[in-house]
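The values are calculated or read from the model by the stated rules, or taken from the named source; none is laboratory data. All values derive from a computational prediction rather than experimental measurement. Every residue, glycine as well, gets a Cβ built from its backbone with ideal geometry; the counts of neighbours run over all protein chains shown.
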């Protein structure tokens, strides 16, 4: 069953279930839960120029906020490909003229730098 969450149910500050829409049948379903894991897509569709799927509207983040779950780093949306403001067209990453990271930098080195930054006061 493929579902899109539409609302959370809370009791005493704890999430105890979710109301969702079954994408395959259109049926509204309710999931009761002792524990909840929120795995949600992004919100790229809130922007005019995007190649994000039409379902990426940020509803999962909205559900978390309504349930009182703190969110972090919400300004860190991934934009790919790049959109041209006003033109309504998308361009490739190659148009920027240089790579964001040197080709030889490994994922492990990047992960280490990110972890170090998060440990820094004010880092997130």
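Overview of results
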{"item": "First in the stretch 44-61 and at positive phi, second anywhere and outside any helix (DSSP H, G or I), Cβ under 8 Å, 6 or more apart", "result": "58/42; 58/43"}
{"item": "Criterion (modelled with pLDDT under 80 and out of contact with any strand residue (DSSP E or B) (no Cβ under 6 Å at 6 or more places or on another chain)) met by exactly one of 64, 53, 14, 43", "result": "14"}
{"item": "Answer residue from the stretch 22-37, given it is surrounded by 13 or more Cβ atoms within 10 Å (Cβ to Cβ) and part of a loop (DSSP other than H, G, I, E, B) and is farthest from the chain's Cα centre (by Cα) among those", "result": "33"}
